[in-house]
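Data first, discussion second: the structure below is written as structure tokens.
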Amino acid sequence: MFYDNHRIIVMAVAPAESIASLSNDLFYDILRRLDGPTLACAACTCASFCSISKEEILWENVCSSMWPSTNREDVKILISFIGGFRKFYADCFPLIVIKEVGEYQWNSYHEYPDDWTEAEYYGDMNELESISPSDFVSIVDIKFKEKPICSKVLWGIPNANGYNGWFYNCPFRIDLLSCADRDDNNGVVTLSVSDGLPPITSMEREKKDGKLWRELRDGLLLSWIIVNKKIKQSANLASWSPLDGQRHWPTEKDFVFRFGSVLPAEDVLPSQVVQCIFIMKFRVVHTEQEGVQTTLRSTELSMQLEDMEGAHVNGRNSLLILKKALSCRRSTNYSEVLESCLAYSKMQNKLKEEKIRNESRIDTICILSSIVAVMTFWYYVL
């Protein structure tokens, strides 16, 4: 009450021109406490909020809260170079959505056309020459129950030196943990009871109740932002929450989670779309039965692109696809992202079933042909 009275007195004796300044200070103090979506909504309410919401420091705070890796000085310089924190948030908060997944026709996708030239198979060679692996930056943040547990930044794409190197023709894959040897902890992410994990007495108990699995599935969040420095564009390719996973695989102490998104591949691959897959694996290293708190250690955090048949996309085509992904449609509606991934999965299963049926028909024809050939042979012999 004293504070309110004091403020009223100050405003009463203050010159008229200072009231506007005081109001802006109050508005700024209000806006700096908001998260990104609320700040964007507040900017639409009045001219004062709209003007103040353009302040870069507000969006820097928002990005810092959502992506702790943006606190690094080199990342701040990068974001300023590509357009600032406000643009960075607008590009990376919405997730990529491809609504046309179910509209593509897959009848011509079973095999690559035999008459394709090398240029047609690999895409636009002139466009590829303008893309360099060193143009890309990966900004990765992992959270568990909204608490940051890992932040990594990878400049360029590992093992991609030289235009004619093996990278362009081999399966594209980034293993973030193997690329983090420069860090003190070698890139290893650990989770324990102090981070919110439920204590487990033994793996046998965990197999029965699955409590640890559920906590991990519901609590893990992954953001993997790709930035292209040359074209000054960025996008979040991960799905935040896991799309699916496997428990106790390949051993009883391992947990595997898959994040991802569907990316456009028009004029790059016959499938027209591909799936960007992020694999996160954790292994139980300690249980309460051992006299220490339950602890998990990361064993893999990787990114790869797969086509509709599940084949890995090579480095050459992956660069083209990543560049296209940075300018495609996005949405803040998470259900649309899930629908896009689900539509892709359904179409992929449909393709697999059709392929199995075709192989079954071919096998049947081969068997019948063999029987006819044998019967014909014995007919003429006898």
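A compact table of results
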{"item": "Positions within the range 188-213 being out of contact with any Asp or Glu (no Cβ under 9 Å at 6 or more places or on another chain), open to solvent by less than 10 Å² (accessible area, probe 1.4 Å) and of a type outside the set (A, V, I, L, M), in sequence order", "result": "GLY210"}
{"item": "Among residues of the range 244-283, those that are touching a Phe, Trp or Tyr at 6+ places or on another chain (Cβ under 6 Å) and part of a loop (DSSP other than H, G, I, E, B), counted", "result": "3"}
{"item": "Flag for TRP224 being in a strand (DSSP E or B) and either surrounded by fewer than 17 Cβ atoms within 10 Å (Cβ to Cβ) or in contact with a strand residue (DSSP E or B) (Cβ under 8 Å, 6 or more places away or on another chain) (or both)", "result": "yes"}
{"item": "Top-ranked residue in the range 169-188 [being outside any strand (DSSP E or B) and at pLDDT 85 or above; ranked as farthest from SER318 (Cα to Cα)]", "result": "LEU176"}
{"item": "Positions within the range 58-86 being open to solvent by less than 70 Å² (accessible area, probe 1.4 Å) and of a type in the set (Val, Ile, Thr), in sequence order", "result": "VAL62, THR70, VAL75, ILE79, ILE82"}
{"item": "Those residues of the range 299-327 which are open to solvent by less than 10 Å² (accessible area, probe 1.4 Å) and among the polar types (S, T, N, Q), in sequence order", "result": "SER302, ASN317, SER318"}
{"item": "Flag for LEU243 being under 20 Å from SER331 (Cβ atoms), open to solvent by 10 Å² or more (accessible area, probe 1.4 Å) and among the aliphatic types (A, V, I, L, M)", "result": "yes"}
{"item": "Flag if LEU216 is at pLDDT below 85, surrounded by 13 or more Cβ atoms within 10 Å (Cβ to Cβ) and within 30 Å of GLN289 (Cα to Cα)", "result": "no"}
{"item": "Boolean, SER261 is over 14 Å from LEU322 (Cβ atoms), modelled with pLDDT of 90 or more and open to solvent by less than 20 Å² (accessible area, probe 1.4 Å)", "result": "no"}
{"item": "Residue list for the range 340-351, restricted to those being without any contact (Cβ under 8 Å) to a residue 40 or more places away in the chain and open to solvent by 90 Å² or more (accessible area, probe 1.4 Å)", "result": "LEU342"}
{"item": "Subset of the range 88-97 that is in a helix (DSSP H, G or I) and closer than 23 Å to ILE30 by Cβ - its residue that is most open to solvent (accessible area, probe 1.4 Å)", "result": "ALA90"}
{"item": "Sole residue being in a helix (DSSP H, G or I) and assigned by the TED database to the domain that holds ASP135, chosen from GLU300, GLU336, GLU309", "result": "GLU336"}
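The values are calculated or read from the model by the stated rules, or taken from the named source; none is laboratory data. Not measured: the values here are computed from a predicted model. Glycine gets a Cβ as well: all are built from the backbone with ideal geometry, and neighbour counts include every protein chain shown. SASA here: full protein model, heavy atoms, side chains in, ligands and nucleic acids out. Shrake-Rupley method; radii C 1.70, N 1.55, O 1.52, S 1.80 Å.
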